[in-house]
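**Q** Let me give you the structure first, and then I'll get to my questions.
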Amino acid sequence: MKKIIAYERVEKPVLEYLQQKYDVQFFKNIDPKTDPEFLEQLNEADGIIGLDLPVDNELLEKAPNLKIVSNVSVGYNNLDLEQLATRNIMATNTPGILTDTVADTIFGILIATARRIPELDHFVKNGEWQQSIESEHFGTDVHHKTLGIIGMGRIGQAIAQRAHFGFDMDIVYHSRTRKTDVEETYSATYASLDELLSTSDFVCLITPLTPETEGMIGKREFELMKKSAIFVNGSRGKTVVEQDLIDALTNGEIAAAGVDVFEKEPTDPDNPLLKMKNTVTLPHVGSSTHETELKMSELAATNLEKGLNGEKPTNLIDPEVWAQLHKGS
Ligand code: GLV
């Protein structure tokens, strides 16, 4: 029977399905570098399915039978693709099915930050609403403002769709490649990063974390933003220099921030971002609805099974590995 490691997040029905067909061990809240049971299973594992397991050289050295790593996420910054390719190990992710859910979350954070929804919710629940509210509790309009989107992949486009058709926003975007279809559909304007930063009322970061994007938003970039700007990070914590974000908020370089992701996750309870009134902080739940998490687990399981059974997985991250494995066949 093939051996599978399930790590951190695989929805229960999918886990049960896999357990009927494979020898599956589920690990959660462990240190994958030292946990003895994990390391024992890793030594024999044919496949891994899960969320955010750091798959690097050190782990791969201990996984001599591994054939596929199936991420239950669209992001794959946890994977060392070079090391995987060197060993001809396939890797897959779950793009597409989470796009609308993540875009909803990002837009929710954007509105929540602009209209100060969590802060005012506490205000009411704490019994502080004793008389009619004053301008000190007013928020900022979202509709008809300028939204800068950094990263115009599937999720960036779904955010643009909401902003353009739902909120009559002007859209400026920056991305590795220009997308003329997006420009036409959402009346979006391509801009350099600096131009986007200095002209947007809302700056929304939704680019994947890569060596090129790591720390791409820091002190200089916050200084370029309007003092009234609201910054939203829905990508990965490490695309932003978190201390610079804290400083920018503290020094009034920007007005507010909404973040779903942190440099370190879970973030420390004493992170200054959690103490500020002008931040909205979520525990990395962009795609976390019951419906979408289930779909992601199902897609990841399908990718895993295909890989283990010699079929081409639908969502191969590096198709070259498949080509190498099937050279001459
Ligand atoms: C979520 O952050 C994902 O990468 O799927």
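Coordinate-derived values only; no laboratory data. Because the structure is a prediction, the values reported are computed rather than measured. Cβ: placed from backbone, ideal geometry, glycine included. Neighbour counts: every protein chain shown.
**Q** List every residue whose amide H lies under 5 Å from the amide H of residue 203, counting only residues 5 or more places away in sequence or on a different chain, with H placed 1.01 Å from N in the peptide plane.
**A** Excluding prolines and chain starts, which carry no amide H, the hits are 148, 230, 231, 232.
**Q** Still on this structure: Mind checking the alpha-carbon convex hull of segment 99-281 and giving the volume per residue in Å³?
**A** It is 119 Å³ per residue.
**Q** Ordered by residue, what ³J(HN,Hα) values in Hz, to whole numbers, does segment 264-270 give under the Karplus form 6.51 cos²θ - 1.76 cosθ + 1.60, where θ = phi - 60° and Gly and Pro are x?
**A** Those phi angles translate into 10, 10, x, 6, 5, x, 9 Hz.
**Q** Using the beta-carbon distance between residue 323 and residue 123 and R0 = 56 Å, what value does 1/(1 + (r/R0)^6) give for FRET efficiency, to the nearest 0.05?
**A** For residue 323 and residue 123, the calculated efficiency is 0.45.
**Q** I want to verify the translational diffusion coefficient of the chain in µm²/s; compute it with Stokes-Einstein, Rh as the Kirkwood radius over Cα pairs, at 25 °C and 0.890 mPa s.
**A** 115 µm²/s
**Q** Okay, moving on. Order these peptides, 141-147, 309-315, 71-77, by their mean beta-carbon neighbour count within 10 angstrom, highest first.
**A** Ranked by mean Cβ neighbours within 10 Å, highest first: 71-77, 141-147, 309-315.
**Q** Restricting attention to the alpha-carbon atoms of segment 224-314, what are Rg (one decimal) and Dmax (integer), both in Å?
**A** Spelled out, the Cα radius of gyration and Dmax of segment 224-314 are 18.0, 56 Å.
**Q** Ranking 38, 165 by Cβ neighbours within 10 Å, fewest first, what do you get?
**A** Fewest-to-most ranking of 38, 165: 165, 38.
**Q** What's the local net charge at residue 308, with K and R +1, D and E -1, over the other residues with C-beta under 14 Å away?
**A** The answer is +1.
**Q** A follow-up question, please. By counting other Cβ atoms within 10 Å of each Cβ, how are 31, 46, 247 ranked from fewest to most?
**A** In order of increasing Cβ crowding within 10 Å: 31, 247, 46.
**Q** Given H placed on each backbone N at 1.01 Å, which residues far from residue 67 in sequence or on other chains put an amide H within less than 5 Å of it?
**A** Under 5 Å from the amide H of residue 67: 47.
**Q** What list do you get for 228, 135 if you sort them by fewest beta carbons within 10 Å?
**A** 135, 228
**Q** For the chain, what does -39500 (n - 2.57) per DSSP helix run (n ≥ 4), summed and divided by total residues, give at 222 nm, in deg cm²/dmol to the nearest 500?
**A** -10000 deg cm²/dmol
**Q** Applying the Karplus parametrisation 6.51 cos²θ - 1.76 cosθ + 1.60 with θ = phi - 60° to the phi angles of segment 280-285, what ³J(HN,Hα) value in whole Hz is obtained for each residue in order, glycine and proline being reported as x?
**A** My calculation for segment 280-285 gives 10, 10, 10, x, 6, 10 Hz in order.
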